[in-house]
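The values are calculated or read from the model by the stated rules, or taken from the named source; none is laboratory data. This structure is a prediction, so every number in the text was calculated from the model and none was measured. In this analysis, Cβ positions are derived from the backbone assuming ideal geometry, glycine residues included, and neighbour counts consider all displayed protein chains. The accessibility values were calculated without ligands, DNA or RNA, using every heavy atom of the protein model including side chains. Shrake-Rupley method; radii C 1.70, N 1.55, O 1.52, S 1.80 Å.
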Amino acid sequence: MQEIELGAFCGYEALRTLTIPANVKKLEQNIFSGCNMETLYMEATTPPETDGCLTNDDWDYSTHTNAMSKCTLYVPKGAKAAYQKVGCPWTDFKEIVEY
């Protein structure tokens, strides 16, 4: 199984945009902690398995939002409903846009 490991991009403040290929089947927790993500492109029509939040930065327990709420998630055309159905972490994003 192709996966992105725990904290893979942790602390990479310059990271703003990333494309995750369709062959990635799992994203571990906190892969984007310490990043300033603005856009994330997912090439998979089926959401990858996750172990929870993609970042632990700027967690606001009163609103249940985290740093991904500043990032736009782009998914393949026709895949938005599948990502929304999974819920967290995909619903943590500012918006989900099909491309």
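What is the sum of charges, Lys and Arg at +1 and Asp and Glu at -1, for the other residues whose Cβ falls under 13 Å from the Cβ of L73?
-2
Toward the positive end of the charge dipole of the chain, about the Cα centre and with charges on Cβ (Lys, Arg +1; Asp, Glu -1), which of C53, A8, P76 goes farthest?
Positive-most Cα among the choices belongs to P76.
When the helices in the chain are scored as -39500 (n - 2.57) per DSSP H run of 4 or longer and the sum is shared across all residues, what 222 nm value do you end up with, to the nearest 500 deg cm²/dmol?
-2000 deg cm²/dmol
Collect residues whose amide H, placed 1.01 Å from N in the peptide plane, falls under 5 Å from the amide H of T50; neighbours closer than 5 in sequence don't count.
The list, which skips near neighbours in sequence, is L27.
Restricting to the chain, what percent of DSSP beta bridges are antiparallel, rounded to 5?
5
Once neighbouring chains are kept in place and the probe is 1.4 Å, which whole percent of the accessible area of the chain is contributed by carbon and sulfur?
48
Send over a whole-number figure in Å² for the accessible area per residue of the chain, probe 1.4 Å.
Per residue, the chain has an accessible area of 55 Å².
For I31, what is the net charge nearby, where nearby means another residue's Cβ is under 11 Å from its Cβ and Lys, Arg count +1, Asp, Glu -1?
Result for the neighbourhood of I31: -3.
Quick one: which residues, 5+ away or cross-chain, put their amide H under 5 Å from the amide H of C71? H built at 1.01 Å from N.
For C71, whose amide H was placed from the backbone, the distant partners under 5 Å are K94.
How large is the charge dipole for the chain, taken about the Cα centre, if only the Cβ atoms of Lys, Arg (+1) and Asp, Glu (-1) carry charge, to the nearest 20 debye?
Computed about the Cα centre, the dipole is about 360 debye.
Work out, step by step, the length gained on full extension between E38 and A8: first 0.36 nm times the residue separation, then minus their alpha carbon distance; give nm to one decimal.
Result for the pair: 9.1 nm of gain on full extension.
Quote the FRET efficiency, to the nearest 0.05, computed for E49 versus T91 with a Förster distance R0 of 25 Å and r equal to the Cβ-Cβ distance.
0.95
Compute the projected area of the convex hull of the Cα atoms of region 1-43, averaged over all viewing directions, and report it in nm² to one decimal place.
Over every viewing direction, the Cα hull of region 1-43 projects on average to 2.7 nm².
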